[in-house]
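As C-alpha cells, the structure follows; a few thoughts come after it.
The values are calculated or read from the model by the stated rules, or taken from the named source; none is laboratory data. Source: prediction; values computed, not measured. Heads up, the Cβs are rebuilt from the backbone with ideal geometry, glycines too, and the neighbour counts pull from every protein chain shown.
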Amino acid sequence: MPFTADQKRLFDEAYEKATKLDAGDKLVQLMYFMIDLIKKSGQRVEMKIPPKQVGIHPSNRSGKKMVGAVMQKKGNKISNVGFTLKLCGPDRAIAFEVSPTSNAIEQHTLTTTKSSPLFAKYEPGTIRAGSTGCGHLNQFHAAVNDAATTSYAHLSLPDEGRLSKSIITKDNAEFEDAVVNGITWFVIKFQIEESYPLLPNIIQRALNVEHHVGEGLVPN
C-alpha cells in the first residue's frame with residue numbers, strides 16, 4: 001500500500017534533506033528513518049533470494065562498476081574469518097525490485113559480470129532485484145555457485161583455478177545455504193524508486209558510511 005499522507009510528508013522531508021548531504025552529517029540516521037517508513041507502509045518484501053537472481057543496482061558504488069578482483073578479495077576475507085548471516089541481515093542487504101518498464105538493473109549487471117571471468121554468468125530475464133547493500137557478498141556467493149575463475153588457490157580444488165563450493169563452505173552449513181539459496185533481502189518496491197530516483201544512491205552511501213564507522217569500532 002502507498003504511504004499515508006503523514007508518512008509521505010515525513011518521507012519527503014527526509015529524502016529532501018538526504019539528497020543535500022555528504023557522506024556523513026546524519027545520512028545513516030535519515031536513511032534508516034526512510035527505510036522504517038517504507039517498512040511501515042508495506043512497500044517492501046523481505047525474502048530469501050538465490051544469488052544469481054539478485055543483480056547489481058546501477059547506483060551501487062555511486063555508479064562505478066564493481067570490480068571482480070575486489071569482490072573476490074572480500075569473499076576470500078569472509079571465507080577466512082568465517083561466514084555468518086549476522087554479516088548481512090535485511091537491515092543491510094537492501095535491494096530494489098526490478099521495474100517492469102526498465103532494464104537498467106539487468107543491463108548494469110550483465111555488463112559488469114561479463115567484464116571478468118571472476119564473476120558468475122548471469123542470464124537475461126533472471127534478475128529480480130538490484131543490490132545497493134551486500135552486493136560484493138552476493139556476487140561472491142554467485143561466483144562460488146558458478147565455480148568462477150579465481151586466483152586464490154586455497155579456495156580451489158588442486159590445479160583447477162576455480163572457486164570450489166565444497167572447500168569454501170566446508171563445515172559451515174549456514175554458508176552453504178547462503179551460497180545455494182541466498183540471503184534474506186529487504187527488497188524495496190520499484191514504485192518507490194520511480195518516485196524517489198535518488199534513493200538507491202542515498203542508501204548505498206549511507207551503508208558505506210555505516211561500514212566504515214563499524215570498522216572504526218572494531219578493537220585492534
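Taking segment 1-49 as the region of interest, how many residues are assigned to a loop (DSSP other than H, G, I, E, B) and either farther than 18 Å from ASP91 by Cα or modelled with pLDDT under 95 (or both)?
Summing the residues that are assigned to a loop (DSSP other than H, G, I, E, B) and either farther than 18 Å from ASP91 by Cα or modelled with pLDDT under 95 (or both) in segment 1-49 gives 11.
Out of segment 99-113, which residues are of a type in the set (Val, Ile, Thr) and closer than 15 Å to VAL54 by Cβ?
ILE105, THR109, THR112, THR113
Does segment 64-89 hold any residues that are basic (Lys, Arg) and at pLDDT 95 or above, and which are they?
Scanning segment 64-89 gives LYS73, LYS74, LYS77.
I'd like the full set of residues that are surrounded by 18 or more Cβ atoms within 10 Å (Cβ to Cβ) and in a helix (DSSP H, G or I), limited to segment 166-189.
Those that are surrounded by 18 or more Cβ atoms within 10 Å (Cβ to Cβ) and in a helix (DSSP H, G or I): ILE168, PHE175, ALA178, VAL179.
Could we say that ARG162 is under 20 Å from HIS57 (Cβ atoms), of a type in the set (D, E, K, R) and assigned by TED's automatic domain parsing to the domain that holds GLY82 here?
For ARG162, the condition - under 20 Å from HIS57 (Cβ atoms), of a type in the set (D, E, K, R) and assigned by TED's automatic domain parsing to the domain that holds GLY82 - is not met.
Among ASP22, ASP12, which is surrounded by 13 or more Cβ atoms within 10 Å (Cβ to Cβ) and among the acidic types (Asp, Glu)?
Unique residue meeting the criteria: ASP12.
Can you name the condition, by its number, that PHE33 falls short on among (1) free of Cβ contacts under 8 Å to residues at least 24 places away in the same chain; (2) aromatic (Phe, Trp, Tyr); (3) in the same structural domain as ALA153 (by TED's automatic domain parsing)?
Condition not satisfied by PHE33: (3).
Residue-wise test of (1) among the acidic types (Asp, Glu); (2) touching a strand residue (DSSP E or B) at 6+ places or on another chain (Cβ under 8 Å); (3) part of a strand (DSSP E or B); (4) surrounded by 13 or more Cβ atoms within 10 Å (Cβ to Cβ).
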position: ALA69; (1), (2), (3), (4): no, no, no, no
position: LYS74; (1), (2), (3), (4): no, no, no, yes
position: ILE78; (1), (2), (3), (4): no, no, no, yes
position: PHE83; (1), (2), (3), (4): no, no, no, yes
position: ARG92; (1), (2), (3), (4): no, no, no, yes
position: PHE96; (1), (2), (3), (4): no, yes, yes, yes
position: GLN107; (1), (2), (3), (4): no, no, no, yes
position: TYR122; (1), (2), (3), (4): no, yes, no, yes
position: GLY130; (1), (2), (3), (4): no, yes, yes, yes
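Out of curiosity, is PHE83 closer than 16 Å to ALA178 by Cβ and touching an Asp or Glu at 6+ places or on another chain (Cβ under 9 Å)?
The answer is yes for PHE83.
Is there a residue being over 17 Å from the mean Cα position of the chain (by Cα), of a type outside the set (Gly, Ala, Ser), under 22 Å from PRO90 (Cα atoms) and surrounded by fewer than 17 Cβ atoms within 10 Å (Cβ to Cβ) anywhere in segment 192-211?
Yes, some residue in segment 192-211 is over 17 Å from the mean Cα position of the chain (by Cα), of a type outside the set (Gly, Ala, Ser), under 22 Å from PRO90 (Cα atoms) and surrounded by fewer than 17 Cβ atoms within 10 Å (Cβ to Cβ).
Return yes or no: is PHE140 assigned to a loop (DSSP other than H, G, I, E, B), surrounded by 24 or more Cβ atoms within 10 Å (Cβ to Cβ) and out of contact with any strand residue (DSSP E or B) (no Cβ under 6 Å at 6 or more places or on another chain)?
no
Looking only at segment 176-204, count how many residues are charged (D, E, K, R) and farther than 16 Å from ILE56 by Cα.
Total meeting the criteria: 3.
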